[in-house]
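Below is one structure, written out as structure tokens, with a few remarks after it.
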Amino acid sequence: MAERRLLVLFGSQTGTAQDTAERIGREAKRRHLRCRVEALDSCDVANLIHEPLVVFVCATTGQGDPPDNMKMFWRFLFRKNLPAGSLCQLDFAVLGLGDSSYPKFNFIAKKLHKRLLQLGGNPLLPVALGDDQHDLGPDAVVDPWLVALWDKILALYPLPPDLEIISPNVRLPPKYRLHYLPEDSPHPDSDLLQPTAPRATPCELHPFAARMMSNQRVTAQSHFQDVRLIEFDIAGSGITFSAGDVVMIQPQNCPEDVQQFCQLLCLEPHRHFVLEPTEPGTSLPPLLPQPCTIEYLVTHYLDISCVPRRSFFELLAYFSRNELEREKLQEFSSAQGQEELYSYCNRPRRTTLEVMWDFPHTTCAIPADYLLDLIPRIRPRAFSIASSMLAHPERMQILMAVVRYKTRLSKPRRGLCSTWLASLNPEQGDVRVPLWVKKGGMKFPADPATPVIMIGPGTGVAPFRAAIQERVALGRRGNCLFFGCRHKSQDFYCQTEWEELVTKGLLTLFTAFSRDQEEKVYVQHRIRENGRLVWELLSSGNAHVYLAG
């Protein structure tokens, strides 16, 4: 009998595709299939020729681009020298997750399906195109597609005669067991953020612990929004960047939330533990030291401030001993309950921690072993770099608005990363922030004679500050900036810097202060007023135009 094994590969930017891939992995376990779930870039693509059965789950990002964790796979798959029949032994299915309000809706899934066909793969089903815009979200497509997928797979790989599908009422074992170490056992001090001698260029698995040098508010105290110009010291990191590049920052939960979480789940923050996979071949989560404390796990790893997904409620329902709470959790995880879940969770942006407060009888019964199945890891946040190494060697700056807004919940919503960064005070000691750099989507012209028109309202001006600093240092003229904000006196970022460059003849600046007069004025009004200059730069100067929001 053919070996009953399935490989589920995902390309995920925000975690939705990963969440769906893990759901397929759980459903495979219920059907007694040996199943691995991996990011596309973590698997060795050359081994695809040995895989009998693969399900691909992939998102589309930006303007039809592959997610970061499938870029290497993508490049390999589209190599011209791959023989036409190289995947003829492969049965496959492709599930796409996209948003139909974008022109390149599910572009990556469609293109992947087509390429696998070219390479000789056998599709089990037509490509599925999940859509965020649907009233029920992508699940409207995913749910019926999965029913059809399991029918196909079980026809090819029937259940052995002595086995039955594990009922959805039965809880599956956790991915890891959490073994507490005796209180008195010696522990090496494991703080991942000790500045280490860099092995190679910093990356997600090996971030650089950069020292924060300054954290300055650049909006007036009376202004509704708190915006910071933050500087990091990157000396000795091996990091290099140019204008348009992006810095990735790994945030952490605030101490109050960590303390509340530990209290709710009756966890002892200072207990040490080691993780052991429940199945052979499962790798340990990267970025978690072994042994580790509960406090470290909750502070640096578990995303307790994210809005929980449907799968969270599905797993939580298994732990509930309270009938009322269990019924509600089951409703939230059912296909019929998705609208209600949306208005309970997504619309008001209710966090995982707040949901746990709402289900106290269930929360206190969660076994620690299941924490990593229940709560996703904290994802890094991306910021445009707002400085040039030519102007500030060994330094890096970002311009960051602190995210804070109201929903119908009494407590204001706060951005995890921006709130954490804003709370750090480098004047009170050595403050370190884990970061690494990613190539950005903006490339500035190599030809020094090409003029550049930059439109950067608000913090959108960040990458243009880097570009202007870089171009000025290289002696390039033809820098034209349209900047917009509410009030000249409140949120005109980098005003002195721009005015000095204008005086020296190195920058042409147009400003739009939308609230400083009766009728509102925005950057588009200034572009229209200066249409002749803009057209001249475009038509005879071959200018490049850049827009950042």
How high is the FRET efficiency from Leu154 to Gln225, r the C-beta distance, R0 56 Å, rounded to 0.05?
-> 0.55
Over region 255-374: Kirkwood hydrodynamic radius from C-alpha pairwise inverse distances, Å = 15.3
First obtain the Kirkwood hydrodynamic radius of region 5-156 from its Cα pairs, then insert it into the Stokes-Einstein equation at 37 °C and 0.692 mPa s, and state the resulting D in µm² per second as a whole number.
-> 214
If you average the sequence gap of Cα pairs under 8 Å that are 6 or more apart and divide by the length of region 255-374, what percent do you get for the contact order?
-> 29
Accessible area per residue, Å², the chain with all protein chains present, probe 1.4 Å | 49
Could you list which residues have their amide H under 5 Å from that of Cys35, counting only those 5 or more apart in sequence or on another chain, with H placed in the peptide plane?
-> Leu6
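Two decimals is fine: what's Rg over Rh for region 452-547, C-alpha atoms, Kirkwood radius as Rh?
Radius of gyration relative to Kirkwood radius: 0.96.
Please report the antiparallel percentage of DSSP beta bridges with both residues in the chain, rounded to the nearest 5.
Roughly 50 percent of the DSSP beta bridges within the chain come out antiparallel.
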Taking 0.36 nm per residue of separation and subtracting the Cα-Cα distance, what length does fully extending Lys443 through Asp233 add?
-> 73.2 nm
Residue-wise HN-Hα coupling along region 212-226, computed from phi with Karplus coefficients 6.51, -1.76, 1.60 (Hz; x: Gly, Pro) = 7, 9, 8, 9, 10, 6, 10, 10, 4, 4, 7, 6, 5, 10, 8
At the level of C-alpha centres, the distance separating region 455-469 and region 474-518, in angstrom, is 10
Pairwise centroid distance, computed over Cα atoms, of region 249-270 with region 339-356, Å = 20
Within the accessible area of the chain (1.4 Å probe), percent carbon and sulfur | 52
Packing-based ranking, highest mean first, of 510-518, 229-237 given that Cβ atoms within 10 Å are counted = 229-237, 510-518
Dipole check, region 255-374, charges on Cβ (K,R +1; D,E -1), about Cα centroid: among Thr362, Pro255, Leu284 the Cα furthest to the positive pole belongs to Pro255
Scan around Leu547 for amide H atoms under 5 Å from its own, H built in the peptide plane at 1.01 Å from N, and keep only partners 5 or more places away or cross-chain.
-> Ile455
Nearest-20 debye value, the chain charge dipole, Cβ charges on Lys, Arg, Asp, Glu | 1540
For region 405-410, in residue order, the Karplus 3J(HN,Hα) values (coefficients 6.51, -1.76, 1.60; θ = phi - 60°; whole Hz; Gly and Pro = x) are 8, 9, 10, 6, 6, 5
Contact order normalised by residue count of region 452-547, Cα under 8 Å, 6+ apart, percent | 34
Relative contact order of the chain, defined on C-alpha pairs under 8 angstrom at six or more residues apart (%) = 13
For Gly415, the residues 5 or more places away or on another chain with a placed amide H closer than 5 Å to its own amide H are Val403, Arg404
Could you list the trypsin sites (Lys or Arg not before Pro) in region 293-356 that lie in coil according to DSSP, counting only those with at most 12 other Cβ atoms within 10 Å of their Cβ?
-> Arg321
Would you list which lysines come within 27 Å of Lys111, measuring only between C-alpha atoms, while excluding same-chain residues fewer than 8 positions from it?
-> Lys71, Lys80, Lys152, Lys438, Lys439, Lys443
For region 475-491, 3J(HN,Hα) per residue [Karplus equation, 6.51 cos²θ - 1.76 cosθ + 1.60, θ = phi - 60°, Hz, x = Gly/Pro] | x, 8, 9, x, 9, 10, 10, 9, 10, x, 7, 7, 9, 4, 8, 10, 9
Whole-angstrom gap from region 87-127 to region 1-65, using each part's C-alpha centre = 13
Quick one: length gained pulling Asp516 to His392 fully straight, 0.36 nm per residue minus the C-alpha distance?
-> 41.3 nm
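The values are calculated or read from the model by the stated rules, or taken from the named source; none is laboratory data. None of these values were measured; they are calculated from a predicted model. Glycine gets a Cβ as well: all are built from the backbone with ideal geometry, and neighbour counts include every protein chain shown. Side chains included, ligands, DNA and RNA excluded: accessible areas come from the protein's heavy atoms. Shrake-Rupley method; radii C 1.70, N 1.55, O 1.52, S 1.80 Å.
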